[in-house]
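Each remark here refers to the structure printed beneath this line.
The values are calculated or read from the model by the stated rules, or taken from the named source; none is laboratory data. Computed from a prediction, not measured in an experiment: that's the story for all the values here. Note: ideal-geometry Cβ built from the backbone for every residue, glycine included; neighbour counts use all protein chains shown.
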Amino acid sequence: MQHQSKSEVRRAPRLALYALVCLWFFPSTVPLLVAQTVDYERPVPILTGNAGYFTTEDNGTTELVPEVIPVLLVPLGDRWLIESRAEFYGGFDSAKGQPYSGKISKDLDYLQADYIANRYLTVTAGRFLTPFGIYNERLYPIWIRDLNQVPLIFPIESGSSDGVMLRGGFPVSSWANLNYATYFSSENTNATLESDRGFGTRAGIFFNRPRLELGTSWRKELTDERHNAFGLHFAWQPPPIPLSLHAEYARSEYGSGYWIEGAYRLSQIQGWNQFMRRTEFVGRMQQYFSGAEKLADSGGKYSLPHGDTQQPDFGLNYYLKDGLKASASYARWLGHHNWNTWTYGIAWRFAMPLRHAGGQ
Amino acid sequence: MKTKIAILAGIPILVSGLWAGAPKKSEGNAPTAVVINSDDSAAMRLEGEKRFRANCGRCHAAPHKFPPRMMATIVRHMRVRATITDQDMRLVLYYMTQ
C-alpha cells in the first residue's frame with residue numbers, strides 16, 4: 001500500500017503536466033474544429049445552362065426540337081458579374097408522313113454587365129431580359145419550367161432590351177422583401193440584338209412566412225405609337241405542402257390574357273416514396289384575347305395565337321436526378337379550331353467551373 | 001511539492017493556450033472572416049436553408065450543392081436574376097457551402 005502511494009506520488013507531476021499540455025492543446029484546437037467562416041469564397045467563372053430534346057405532336061404535325069442554351073457567368077472582383085445566355089435550337093417538322101425538314105436558329109438572350117452597387121441597387125448595362133412579369137426572367141429555362149409549352153401570352157411579355165437597368169431587392173420589414181427593376185432601352189434593328197426604344201418597371205413584394213409574392217409590371221414604348229403594356233404576377237409556395245403556384249396577367253395592344261399554373265410533388269405519399277418524391281403533376285389554365293393590333297411574326301421561336309384562345313394543360317414531370325428531368329404534357333387548344341397537343345422530352349441542366357472551384 | 005511546482009509552471013502554459021485559442025479580431029482591410037461557434041453555425045445553416053427554400057424554391061427544385069467557389073458565382077447570378085436580398089444571398093451561400 002505504502003509502495004503504491006509512493007509510485008502515485010512519483011507519477012503525479014507527470015500526470016499534472018500531461019493534463020496541462022492537454023488543456024493547452026484543447027482550447028487551441030477546439031475553435032479550429034467549430035469555427036466556420038461566412039466570408040465569401042472567391043467566385044470563379046462558370047459555364048452553365050441547359051439542353052433538351054422535345055417532341056411535339058401538334059394538330060397532326062410532329063416537330064422535333066433539340067436545343068442547347070449555354071449561360072456564361074464571369075465574376076470580376078467583389079461587385080461585378082458579366083453574364084450571357086444564348087439559345088441554339090432546331091425546329092424539324094414532318095406533316096403527315098413527309099420527311100423531316102427545318103432549320104437551326106440562334107438567339108442572344110442577354111449579354112450584360114452587372115455592378116452590385118450596394119444592398120439596395122444593382123446596375124445592369126448591355127442586353128438584358130426585359131423585366132416584365134416573372135416567366136421571362138425566372139421560369140423560362142427548360143429545366144425550370146413545369147410545362148414545356150410556354151404560356152399563350154408569353155410573346156407579349158418576352159424579349160430582350162438593350163440599355164441600362166436598375167434593380168434590387170431589400171427587406172422592408174422582418175416579414176416582407178421588396179424587389180424592383182426599372183430600365184430604359186434603345187432601339188436596335190440588328191437581327192441578333194433587336195430591341196425597341198422604351199422604358200418600364202416591375203415591382204414585387206415577397207412575404208416570407210406564407211412564401212407569397214405579388215407584383216406588377218409596366219412598359220412604355222417610345223416609338224411612334226407610344227403603346228403601353230401592363231402586367232400582374234403571383235407566386236405562392238404554401239409551406240406545409242409541396243405545391244407551387246404561379247400566375248400572370250398581361251395586357252397590351254396585342255391582346256390580353258392570363259395563365260395560372262400549379263405543380264404538385266408527390267413527396268407526401270408514403271408508398272413508393274423514392275419514386276413518388278421525384279414525380280410532379282402539373283396543371284395550367286390560360287386564356288388569350290386578341291388585341292387591336294397584330295404582333296408582327298418575325299419568324300422567332302414564339303408567336304401569339306391568331307384569335308381568342310383558351311387552353312388547359314396537364315403535365316407529368318419525373319426528376320431522374322439533380323438537373324435531369326423527363327416531361328410529358330397534354331394541351332387542348334380551344335380557339336377558332338380545336339385540337340390536341342402532346343409534348344414529351346427530356347431537359348438537362350449542366351454547370352461546370354472554368355477554373356479550380358475548390359472543395360468537394 | 002513537485003506536483004505543486006508542476007501545477008504552478010503549467011498555469012502560464014494554460015493561459016497561453018487559452019489566449020492562442022481565442023478568436024482574433026481582423027486587422028485593417030484584411031478579409032473579415034467571422035468566427036462563430038457551432039451553435040451559431042447550426043442556426044445560420046437552418047436560417048440559410050429556410051431562405052433557400054423561400055427564395056430559390058419559388059422557381060425551381062433544390063439543386064445539389066456545388067463546390068464553394070462555383071456556388072459563390074451562382075448565388076451572385078441569382079441575386080441579380082431573382083432580386084434576392086443581400087442578407088438572403090449571404091445566408092443561402094452559407095447554407096449551400098456547408
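Residues in region A:313-350 that are within 14 Å of chain B (Cβ to nearest Cβ), crowded, with 19+ Cβ neighbours inside 10 Å and hydrophobic (A, V, I, L, M, F, W, C): 1 in all. Of all the residues in region B:80-98, those that are more than 14 Å from the chain's Cα centre (by Cα) and more than 7 Å from every other protein chain (Cβ to nearest Cβ) number 1.
Considering A:Glu83, A:Glu63, which residue is over 17 Å from the mean Cα position of the chain (by Cα) and surrounded by 17 or more Cβ atoms within 10 Å (Cβ to Cβ)?
Criteria check complete, one pass: A:Glu63.
Inspect all residues belonging to region A:221-231 and state whether any of them is among the aromatic types (Phe, Trp, Tyr), touching a Leu at 6+ places or on another chain (Cβ under 9 Å) and in the same structural domain as A:Val65 (by TED's automatic domain parsing). No, region A:221-231 has no match at all. Taking the criterion of being closer than 19 Å to A:Leu178 by Cα, in contact (Cβ under 8 Å) with a residue 12 or more places away in the chain, out of contact with any Leu (no Cβ under 9 Å at 6 or more places or on another chain) and within 7 Å of another protein chain (Cβ to nearest Cβ), the only residue of region B:55-79 that qualifies is B:Arg58. Checked against (1) in a loop (DSSP other than H, G, I, E, B); (2) surrounded by 14 or more Cβ atoms within 10 Å (Cβ to Cβ); (3) more than 14 Å from chain B (Cβ to nearest Cβ), A:Gly307 meets all criteria but (2).
Just one of (1) out of contact with any strand residue (DSSP E or B) (no Cβ under 6 Å at 6 or more places or on another chain); (2) touching a residue at least 12 places away in the same chain (Cβ under 8 Å); (3) more than 14 Å from every other protein chain (Cβ to nearest Cβ) fails for A:Ala191. It is (2).
In region A:176-192, the qualifying residues are those that are touching a Ser or Thr at 6+ places or on another chain (Cβ under 8 Å) and surrounded by fewer than 17 Cβ atoms within 10 Å (Cβ to Cβ), and the one that is nearest to A:Phe230 (Cα to Cα) is A:Thr182.
All of A:Glu280, A:Glu253 fail the test of being surrounded by 13 or more Cβ atoms within 10 Å (Cβ to Cβ), more than 19 Å from the chain's Cα centre (by Cα) and either over 23 Å from A:Tyr344 (Cβ atoms) or at pLDDT 90 or above (or both), apart from A:Glu253.
Give region A:41-60 a look and list any residue that's on the phi > 0 side of the Ramachandran plot and more than 17 Å from the chain's Cα centre (by Cα), or say none. Break it down stepwise before answering.
Step one: list which residues in region A:41-60 are on the phi > 0 side of the Ramachandran plot, which gives A:49, A:59-60.
Residues satisfying the conditions are A:Asn59, A:Gly60.
Listed by position, the strands (runs of 3 or more DSSP E) inside region A:44-146 whose residues that are of a type in the set (D, E, K, R) number at least 2 are A:46-58, A:61-76, A:80-95, A:101-118.
Residues in region A:75-112 that are hydroxyl-bearing (Ser, Thr, Tyr) and in contact with a Phe, Trp or Tyr (Cβ under 8 Å, 6 or more places away or on another chain): A:Ser84, A:Ser94, A:Tyr100, A:Ser101, A:Ser105, A:Tyr110. On the given criteria, is A:Phe199 over 19 Å from A:Phe128 (Cβ atoms) and touching a residue at least 12 places away in the same chain (Cβ under 8 Å)? No. Within region A:193-219, being in contact with a helix residue (DSSP H, G or I) (Cβ under 8 Å, 6 or more places away or on another chain) and either within 20 Å of A:Arg85 (Cα to Cα) or surrounded by fewer than 20 Cβ atoms within 10 Å (Cβ to Cβ) (or both) holds for A:Asn208, A:Arg211.
Identify, please: which residue in region A:164-175 is farther than 16 Å from A:Trp218 by Cβ and touching a strand residue (DSSP E or B) at 6+ places or on another chain (Cβ under 7 Å) and is, among those, surrounded by the most Cβ atoms within 10 Å (Cβ to Cβ)?
Restricting attention to region A:164-175, the residues satisfying the condition of being farther than 16 Å from A:Trp218 by Cβ are A:164, A:168-175.
Okay, now just the ones that are also touching a strand residue (DSSP E or B) at 6+ places or on another chain (Cβ under 7 Å), so A:164, A:168-172, A:175.
Details: A:Val164: 17, A:Gly168: 22, A:Gly169: 24, A:Phe170: 18, A:Pro171: 16, A:Val172: 10, A:Trp175: 11.
My answer is A:Gly169.
Is it true that A:Thr216 is modelled with pLDDT of 95 or more, under 30 Å from A:Phe184 (Cβ atoms) and either touching a strand residue (DSSP E or B) at 6+ places or on another chain (Cβ under 9 Å) or not hydrophobic (A, V, I, L, M, F, W, C) (or both)? Yes; evaluated as a whole, the condition is true for this residue. Has region A:92-106 got any residue that is touching a residue at least 12 places away in the same chain (Cβ under 8 Å) and under 30 Å from A:Gly200 (Cα atoms)? Scanning region A:92-106, I find at least one residue that is touching a residue at least 12 places away in the same chain (Cβ under 8 Å) and under 30 Å from A:Gly200 (Cα atoms), so the answer is yes.
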